[in-house]
Amino acid sequence: MSTFYLGKPAFTPKLFTRLDPVAVQEGGRWKTHKEWDAVFPSEGKVFAPRLDNFETGDIVCFGVEPNRLTSDRPDKFIVTAGSPQSVTEVIDLREFGEEQARERIVEKGVWDLLRGSDRIIVALSDHTCVVPKMVRMSDRAGYIADQVGLEELAIHSFDHSLFDGDKVENRWVAVPRVTVGREIRTVNWNRDVDFLETVLKRIKKVVTPGEAVLTRGQISQVVSLLSRAELLGHGGDDVKPILRRLETFKPAFIERTDAVARIVEILRSFDGVEEAFHKDVDAKRSALEVALRGEIEAKIRSQLANLSNQVEAKDAEVAHLTEHVTRLRQEAVSEQARPSPSRNERHLNSRAVSGSRSFSEDGIQYRHGFKTRNDSN
């Protein structure tokens, strides 16, 4: 078996590029190096005439052979034809149980994938792994297991010697044809909601409401029911994965239901706190109402007193005006009661008034209707 290397394009591949090696395969693991000049003379790079679907910065897995195409160039090795391939990341979840690993990949998801790969390898133990296909999440950033195929997800053998080697860019990278081995069995990795729905649908097919323990006469009926539920013959191949999944699903399910019961209990304990809170609020409201009532009543009394004083002042003013009007009316009545003078008296009075007028004309002074000469003349 040829040795694989990991490297990155030195520049964007077009007609050709050069690869900067970062790690070399040693059995089932990778070992990183820094001095590649001695491995790939003369500049520590590998010539790659064609490298489609890769970009600068991508991790490429490749094999090498002596460069006979451009022997006069610095790169003495060339990428083996057909060997460049994308790499797959290995996530180490061996310290967790299978159900926790499933929840991490299927329910929560991962942040990102190595470019060019749509799968991850999940190490479940030193000897087993799964390789689910990942899709981009629609509601948030990251990737989650594709629901298609999770009902019968294959468990493969796993070579844990990978973890004795080095990480590449802080990731465990699978060694092609070594890290992941043959299929061992299948496991049901459906989402919780899908898994529980499947189980309940299966049970609904075989359970009749009100049935007691089976009798001998019901054996044939049971066989018929099991056949109809696809639990006999080749149709029951998925029962064991369902059972194993139920065994791992049960503790988490019980824990969650207990947590819900505890939450309900805690929420019920809030009733006393709420009642005490309402009592305190009512007491403070009553005290505030009393204080406000006294303050408002005092303000109203003060305003009423001011209004009363203003009304009294207006009443006094009205009384004074009424008295003045009455006096004027009395004077007018007295004036009207006096006797009017006769016509002769009015004529004499008029002449007396007109005769008292005086004026001068051409030096002659006229006074009381008589002509007199001015003394200056």
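The values are calculated or read from the model by the stated rules, or taken from the named source; none is laboratory data. Here the structure is a predicted model, which means the values were calculated and not measured. All Cβ positions, even for glycine, are placed from backbone atoms using ideal geometry, and neighbour counts span all protein chains on display.
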(request) From (1) modelled with pLDDT under 90; (2) surrounded by fewer than 19 Cβ atoms within 10 Å (Cβ to Cβ); (3) of a type outside the set (V, I, T), pick out the condition that doesn't hold for L51. (result) (2)
(message) Among the residues of the stretch 166-180, what is the count of those that are in a strand (DSSP E or B) and within 17 Å of R115 (Cα to Cα)?
(response) 4
(message) Take the conditions within 41 Å of the chain's Cα centre (by Cα), surrounded by 10 or more Cβ atoms within 10 Å (Cβ to Cβ), among the β-branched types (V, I, T) and at pLDDT 60 or above and apply them to V206. Does it pass?
(response) no
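Matching residues to (1) assigned to a helix (DSSP H, G or I); (2) at pLDDT 85 or above; (3) among the polar types (S, T, N, Q); (4) surrounded by 10 or more Cβ atoms within 10 Å (Cβ to Cβ):
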site: K284; (1), (2), (3), (4): yes, yes, no, yes
site: R301; (1), (2), (3), (4): yes, yes, no, yes
site: K314; (1), (2), (3), (4): yes, yes, no, yes
site: S334; (1), (2), (3), (4): yes, no, yes, no
site: H347; (1), (2), (3), (4): yes, no, no, yes
site: R351; (1), (2), (3), (4): yes, no, no, yes
site: Y366; (1), (2), (3), (4): no, no, no, yes
site: T372; (1), (2), (3), (4): no, no, yes, yes
site: S376; (1), (2), (3), (4): no, no, yes, no
(message) Please list, ordered by residue number, the strands (runs of 3 or more DSSP E) wholly in the stretch 3-66 having 2 or more residues that are under 17 Å from L114 (Cα atoms).
(response) 5-9, 17-26, 60-62
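Yes/no matrix, rows are residues, columns are (1) more than 34 Å from the chain's Cα centre (by Cα); (2) assigned to a helix (DSSP H, G or I); (3) under 30 Å from L196 (Cα atoms); (4) not small (G, A, S):
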{"position": "E247", "(1), (2), (3), (4)": "yes, yes, yes, yes"}
{"position": "D258", "(1), (2), (3), (4)": "no, yes, yes, yes"}
{"position": "A261", "(1), (2), (3), (4)": "no, yes, yes, no"}
{"position": "F270", "(1), (2), (3), (4)": "no, yes, no, yes"}
(request) Considering only residues that are among the polar types (S, T, N, Q), surrounded by fewer than 18 Cβ atoms within 10 Å (Cβ to Cβ) and part of a loop (DSSP other than H, G, I, E, B), look in the stretch 73-97 and name the one that is modelled with the lowest pLDDT. (result) S83
(message) So in the stretch 163-200, with the set limited to residues that are of a type in the set (F, W, Y) and within 18 Å of V148 (Cα to Cα), which one is surrounded by the fewest Cβ atoms within 10 Å (Cβ to Cβ)?
(response) F195
(request) Scan the stretch 104-144 residue by residue and report those that are of a type outside the set (V, I, T), in contact (Cβ under 8 Å) with a residue 40 or more places away in the chain, surrounded by 15 or more Cβ atoms within 10 Å (Cβ to Cβ) and not in a strand (DSSP E or B). (result) L114, G116, P132
